[in-house]
Amino acid sequence: MDMTYSVGSRILKTFQQFLQYYEASSLACGVLIVKADLGDEQLKLLRNHMYKQKPEVGAQFSYDASEGLLGILLDDCHLDSTHDYSFYVKEFLEQNDQLTGPLLIGSFPENGHHAEQMMFSMIWIQMINGSKAKDINIYNHRTNTEVNAFHPYR
């Protein structure tokens, strides 16, 4: 069995074609992997909220209920834009008591040379991370870890 699909399979399957396209085209994309507790209706509300907050950002959302992980893929976003976007996601989820742990952010190609591998690693880190801290962390592809916890103040 391909290990890629045994971890975070819903999120990876949802984004696989997008990630392959970004990588083949050498286009930037932002990635957020968030520990959250969402239902279909809450996911729809988050998607609508983010469109109102950041209408200029093309975003794809995928939620894996079995892992309690939300994946967000941002079109043509570098790390700085991804970080900015993550503040809005964090605020919405906290206000609705749906954030259950940290947000891990990254950007292809800034944080990894292979988009699918970067996302797989980010999902894996979030799955094994037992932290309940609701920090925003940046993915470090060199060590496959999270670094630089951001505090909620800008």
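Since every read-out is calculated from the coordinates, none of them should be taken as a lab result. What you are looking at is a predicted structure, and each value in this text was computed from that prediction instead of being measured. All Cβ positions, even for glycine, are placed from backbone atoms using ideal geometry, and neighbour counts span all protein chains on display.
Mean separation of Cα pairs under 8 Å and 6+ residues apart, divided by the residue count of the chain: what relative contact order is that in percent?
Relative contact order for the chain comes out at 28 percent.
So what is the calculated 222 nm ellipticity per residue for the chain, using -39500 (n - 2.57) for each DSSP H run with n of 4 or more, over all residues, to the nearest 500 deg cm²/dmol?
Working: 4 runs with 62 residues, N = 154.
Result for the chain: -13500 deg cm²/dmol, rounded to the nearest 500.
Dipole of the stretch 3-150 (Lys/Arg Cβ +1, Asp/Glu Cβ -1, origin at the Cα centre): which of LEU12, HIS141, GLY112 lies farthest to the positive side?
Comparing the listed Cα positions along the dipole, LEU12 ranks first.
Could you sort the peptides 118-127, 48-57 by per-residue average Cβ neighbour count (10 Å cutoff), highest mean leading? It would help to have the intermediate numbers written out before the result.
Values: 118-127: 21.8, 48-57: 13.3.
Put in order of decreasing packing, that is 118-127, 48-57.
Given a cut-off of under 8 Å on Cα pairs at least six residues apart, what relative contact order in percent is computed for the stretch 60-146? If you can, show how the numbers build up before the last one.
Details: 91 pairs, mean separation 23.6, N = 87.
This gives 27 percent for the stretch 60-146.
Rounded to two decimals, what is Rg over Rh for the stretch 3-150 when you use alpha-carbon atoms and the Kirkwood radius? Intermediate values should be presented prior to the final figure.
On the way: Rg = 13.6 Å, Rh = 14.8 Å.
Result for the stretch 3-150 is an Rg/Rh of 0.92.
Quick one: 3J(HN,Hα) in Hz for the stretch 45-51, Karplus 6.51/-1.76/1.60 with θ = phi - 60°, rounded, Gly and Pro as x.
Result, ordered by residue: 4, 4, 4, 5, 4, 5, 5 Hz.
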